[in-house]
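Engineer: Here it is: the structure, laid out below.
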Amino acid sequence: MTYFYDDYVEQYGKIDKFSGYGTYIMPNGTLFDVDTYASIAHAGGFVIPFFRSYMHPDKDEINYYSKEELLSYLISWKEALLTKKYDVNPKEQQMRLHLVQYFINIYKSNKSIWDWESERVDFSEVTGIPNIEENWYGRDVTLKSVLVQACNYDSIESQRYRTITTSKFNIYETFYDYILHDYQIFQIPKKVYDENLQQYIDYKQSIWFMSDSELRLKAELESICKEIPLQERSQYCRNKSKIKRYYFLN
């Protein structure tokens, strides 16, 4: 699927945002500006506090809950989100559902450490992400890594104008219309959960393999971008469908 180029990202990319959450392309190709949504939703909506609570539990959570108890809560959350018993913003609901599944995999793994005696929690062996709360210009980069690498989201970078970070392999098909508008696509490894190893592993495509369709689209884009001025390239977009831009409500 080729994502529809939404020029809203131009407004986003021209503004340095330090509030920390970012704008993402959803798996269906629509945009979700978590930054703006968090500013109008109490406590940043329920994605942000939920993620931090399960990824970086505080001392009270470690002391009063076992890993098994939290796993049962996560399974209940998944059932509620799938049956729409939890009535919230649809995009936020979808994002939380993806994060719930991610945490279910982490909390059921025998490689995750939950030690109430030393008040120590370490998921790094399961996730492949260092067990620290990193922040880059205020953004929780752990959340970004999880969404992009393990949940099939793409990140619109705020500090690198016209740059998208993705773990997808078919970048020329997916981001054809963005590349037409001079976007750079930055690829990072995709992570998939290995049930046997009980951990997330990097799933990489060989640098020597690219499908014929991807090679054709790559050559086509290079030719258009070389010969056609930026302001005239919209006529070459592959996805010209009109979509409603309800970033926060749909």
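The values are calculated or read from the model by the stated rules, or taken from the named source; none is laboratory data. For clarity, every value in this text was computed on a predicted model and none was experimentally measured. Note: ideal-geometry Cβ built from the backbone for every residue, glycine included; neighbour counts use all protein chains shown. In case anyone asks, the SASA skips ligands and DNA or RNA and just uses the protein heavy atoms, side chains included. Shrake-Rupley method; radii C 1.70, N 1.55, O 1.52, S 1.80 Å.
Engineer: Check whether at least one residue in the range 9-25 is modelled with pLDDT of 75 or more, part of a strand (DSSP E or B) and β-branched (V, I, T), and report yes or no.
Structural biologist: Yes, because at least one residue in the range 9-25 is modelled with pLDDT of 75 or more, part of a strand (DSSP E or B) and β-branched (V, I, T).
Engineer: Same structure, new question: List the pairs whose first member sits in the range 180-192 and is over 15 Å from I228 (Cα atoms) and in contact (Cβ under 8 Å) with a residue 40 or more places away in the chain, whose second member is assigned to a strand (DSSP E or B) and not hydroxyl-bearing (S, T, Y), and whose Cβ atoms are under 7 Å apart, counting only residues at least 6 apart or on separate chains?
Structural biologist: Close Cβ pairs (under 7 Å, with a partner that is assigned to a strand (DSSP E or B) and not hydroxyl-bearing (S, T, Y)) amount to P189/D202; K191/I201; K191/D202; V192/I201.
Engineer: Under 7 Å by Cβ, and 6 or more places apart or on different chains, what pairs join a residue from the range 158-175 that is more than 22 Å from D202 (Cβ to Cβ) and at pLDDT below 90 with one that is of a type in the set (F, W, Y) and surrounded by fewer than 22 Cβ atoms within 10 Å (Cβ to Cβ)?
Structural biologist: Once the first residue is more than 22 Å from D202 (Cβ to Cβ) and at pLDDT below 90 and sits in the range 158-175, its partners that are of a type in the set (F, W, Y) and surrounded by fewer than 22 Cβ atoms within 10 Å (Cβ to Cβ) give S158/Y12; Q159/Y137; R162/Y183.
Engineer: Separate question: Which one is farthest from the chain's Cα centre (by Cα), of the residues in the range 203-220 that are at pLDDT 95 or above and among the hydrophobic types (A, V, I, L, M, F, W, C)?
Structural biologist: The extreme case among them is A219.
Engineer: Can you tell me which residue within the range 87-126, out of those that are open to solvent by less than 30 Å² (accessible area, probe 1.4 Å) and part of a loop (DSSP other than H, G, I, E, B), is farthest from E61 (Cα to Cα)?
Structural biologist: In this case the residue turns out to be N89.
Engineer: Among the numbered conditions (1) in a helix (DSSP H, G or I); (2) loosely packed, with under 13 Cβ neighbours inside 10 Å, tell me where F209 comes up short.
Structural biologist: Unmet for F209, out of (1) in a helix (DSSP H, G or I); (2) loosely packed, with under 13 Cβ neighbours inside 10 Å: (1).
Engineer: Regarding the range 57-66, can at least one residue be identified that is within 20 Å of the chain's Cα centre (by Cα) and either among the polar types (S, T, N, Q) or modelled with pLDDT under 85 (or both)?
Structural biologist: no
Engineer: Looking at S223, S241 in this structure, which one is of a type in the set (S, T, Y) and modelled with pLDDT of 95 or more?
Structural biologist: The match here is S223.
Engineer: Could you count how many residues in the range 212-237 are outside any helix (DSSP H, G or I) and without any contact (Cβ under 8 Å) to a residue 40 or more places away in the chain?
Structural biologist: Adding up the residues that qualify gives 2.
Engineer: Would you check which residues across the range 142-157 are at pLDDT below 95 and either out of contact with any strand residue (DSSP E or B) (no Cβ under 7 Å at 6 or more places or on another chain) or surrounded by fewer than 16 Cβ atoms within 10 Å (Cβ to Cβ) (or both) and list them?
Structural biologist: Listed by number, the residues that qualify are T142, L143, S145, V146.
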